[in-house]
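One structure is given below, encoded as structure tokens.
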Amino acid sequence: MIPILALMLLATYACEEQDCDRTFNHQAGVGLYTIQDSVAVDSLPPNITIYGTTRPDSLLYDSASVSSLLLPLDPSRNHSRFIVKINALADTLDLHYNREQKFVSHNCGFTTEFTLEEAQTTFHHFDSVRIVKHTINPNEQEENIRLYLTPADTAGR
Amino acid sequence: MNRKKTFACISLLLILLAGSATKTTAQEKRIKGPRLGFDVSGVVSHYLNPERLSLSAYADYEIMPAIYANVELGRMKINRKQPSFDYKANGYFAKIGADYNFLQYKLAPVAQYDMIYGGLRFCAARYTHQASQISLSSDYWGNHRGEDISKYTMQAYWAELVAGIRVEALKNFFLGWSIRGQVKLFSEEDPRMKTLRIPGYGKASRSSGLSFTYTISYRIPLTKVAAGKTTWR
């Protein structure tokens, strides 16, 4: 009898819910390139500062020297706008996308799936922008966008 | 932790009562009548998890010697509030089947109603669920309120293999428990959100599993049948 009782108790408590142990970061991966002799090469612009237009007090990159960026997408609207400063001169980068609410699990709740539709930029430092992968996979550091700088803004590497 | 201890004590008490149940003395006639009961485990489960309420009642009747027709009806309600979203579910279930009492011919032919039984159930549930206050979070942009998931109605069917004990603890009052092996036959899914629990079945994500019942029941003593005449009535 006691083993049966123990089994029943064990089964009851085994069904208790667990906490969510996952996080979901949806970030667009942006590679910085320069066209040299008709070939795209990685760029490493100095002093790059980036923030969302509505979050000027929260910098994503602060005077960094990087050749790739990870830009979080705003789940409350269909576009995110970023200010990209290189040596104090600012450009804007607009990312337009479709959003779809997706169920993850009863412990983790819901998340948003993003599909990039369009990327636009101003041209103080940038020559052009191109989407190379439209789907944003959570927690992945993939290159979704190629941002081409004018050669004058490139330190080269 | 105190709730778990209380639950363990209640379970132990139930088992001890069943084990030490007073056996009725042999009478000349065997009492027959429908037995009505309810499953205490739903109440205990609600005490341990107040967000979830599952209640069920059953009735059985000895339709042939050692064979009891059995019907169970129940209801489930979930009201789960989390930081990420609120989840509500509501539904009903029914189980129909029969039990065979392995003790029937081993005890005295009259006035012995204890059961060690096995049985089968065919089970069906109809239920709804919905979600609100959905929070979509971004470390950088902050939290955003998502689109509510409106009410969605579903059905599920499954089979259960039952094994259990039922003891007449007091005259016409029975205590018992059962263990049930469940196999899901069919269940509908909401394409927008997975079902958390199926009424009467348990976790919707599993295709098979085990469940338990602890029952208290009362037999309505409708008729008395002479010993050896426990045939179809």
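Calculate the dipole size of the range B:153-193 relative to its Cα centre from +1 charges on Lys and Arg beta carbons and -1 charges on Asp and Glu beta carbons; express the result in debye to the nearest 20.
Details: 5 positive and 5 negative charges, 46 e Å.
Charge dipole, the range B:153-193, about its Cα centre: 220 debye, nearest 20.
Might you report the magnitude of the Cβ-based charge dipole of the range A:28-153 about its Cα centre, with Lys and Arg at +1 and Asp and Glu at -1, to the nearest 20 debye?
Values: 9 positive and 16 negative charges, 56 e Å.
Approximately 260 debye in magnitude.
Can you give the accessible area buried between chains A and B, summed over both chains, with a 1.4 Å probe, in Å² to the nearest 100? Could the numbers behind the result be given before it?
On the way: alone 9680 and 13250 Å², together 19840 Å².
Interface area, both chains combined: 3100 Å², rounded to the nearest 100.
Consider a paramagnetic label point 7 Å from the Cα of A:Lys133 along Cα→Cβ; state which residues of the range A:52-78 have an amide N under 19 Å from it.
What the label zone holds, given the 19 Å backbone N cut-off, is A:67-74.
Find, among the trypsin sites (Lys or Arg not before Pro) in the range B:94-175, those assigned to loop by DSSP (not H, G, I, E, B) with at most 14 other beta-carbon atoms within 10 angstrom.
For trypsin sites (Lys or Arg not before Pro) across the range B:94-175 that sit outside H, G, I, E and B with at most 14 neighbouring Cβ atoms in 10 Å, the list reads B:Lys106, B:Lys171.
Cut-off under 15 Å on the C-alpha distance; same-chain residues fewer than 8 positions from A:Lys133 excluded. Which aspartates and glutamates are left, in chain and number order?
List returned: A:Glu113, A:Glu117, A:Glu118, A:Glu142, A:Glu143.
Apply the Karplus curve 6.51 cos²θ - 1.76 cosθ + 1.60, θ = phi - 60°, to the phi angles in the range B:74-88 and return the couplings in whole Hz, x for Gly and Pro.
So the Karplus estimates, Gly and Pro as x, are x, 9, 10, 9, 10, 9, 10, 10, 10, x, 7, 5, 9, 10, 10 Hz.
How much accessible area per residue does the range A:20-92 have, counting only protein heavy atoms and a probe of 1.4 Å, in square angstrom?
Using a 1.4 Å probe on heavy atoms only, each residue of the range A:20-92 averages 48 Å².
With the contact rule set at Cα under 8 Å and sequence spacing of 6 or more, what percent relative contact order holds for the range A:28-153?
Computed value for the range A:28-153: 26 percent relative contact order.
Counting Lys and Arg as +1 and Asp and Glu as -1, each charge on the Cβ, what is the dipole of the range B:91-163 about the Cα centre in debye, to the nearest 20?
220
What is the range B:88-233 by shape, rounded, prolate or oblate, if you read a ≥ b ≥ c off the alpha carbon gyration tensor as root eigenvalues and call it rounded for a/c under 1.5, prolate for a/b larger than b/c, and oblate otherwise?
Judged from the Cα gyration tensor, the range B:88-233 comes out prolate (a/c at least 1.5, a/b above b/c).
Identify, among A:Pro75, A:Ala28, A:Ser58, the residue whose Cα sits farthest towards the positive end of the charge dipole of the range A:28-153, taking +1 on the Cβ of Lys and Arg and -1 on the Cβ of Asp and Glu, with the dipole about the Cα centre.
Checked the options; the winner is A:Pro75.
Loop only per DSSP, at most 16 neighbouring Cβ atoms within 10 Å: give me the chymotrypsin sites (Phe, Trp or Tyr not before Pro) in the range B:145-233, ordered by residue number.
Those satisfying the criteria are B:Trp232.
Could you state the accessible area per residue of the range B:137-197 in Å², with a 1.4 Å probe and every protein chain left in place?
Details: 3010 Å² over 61 residues.
Ligands and nucleic acids excluded, the result is 49 Å² per residue.
How high is the relative contact order of the range B:31-190? Use alpha-carbon pairs under 8 Å, at least six apart in sequence, and give a whole percent.
16
State the Kirkwood hydrodynamic radius of the range A:28-153 in Å, one decimal place, computed from all pairs of distinct Cα atoms.
Evaluated on the range A:28-153, it is 15.2 Å.
Let me confirm one metric for peptide B:140-149, namely the mean number of other chain beta-carbon atoms within 10 Å of its residues' beta-carbons.
Details: counts 12, 11, 6, 2, 6, 1, 9, 2, 0, 3.
Per residue, the average neighbour count from other chains is 5.
Which of the GluC sites (Glu not before Pro) across the range B:118-180 are loop residues per DSSP, with 16 or fewer other Cβ within 10 Å? Intermediate values should be presented prior to the final figure.
Numbers: sites: B:Glu147, B:Glu160, B:Glu168; in loops: B:Glu147.
Here the sparse-neighbourhood loop sites are B:Glu147.
What part of the accessible area of the range A:28-153, given as a whole %, is carbon or sulfur when the probe is 1.4 angstrom?
On the way: 2540 of 5850 Å².
On the range A:28-153, the fraction of accessible area on carbon and sulfur atoms equals 43 percent.
The values are calculated or read from the model by the stated rules, or taken from the named source; none is laboratory data. Remember, predicted model here, so these are calculated numbers, not experimental data. In this analysis, Cβ positions are derived from the backbone assuming ideal geometry, glycine residues included, and neighbour counts consider all displayed protein chains. Ligands, DNA and RNA are stripped out before the accessible areas are found, and what is left, the full protein with its side chains, is counted by its heavy atoms. Shrake-Rupley method; radii C 1.70, N 1.55, O 1.52, S 1.80 Å.
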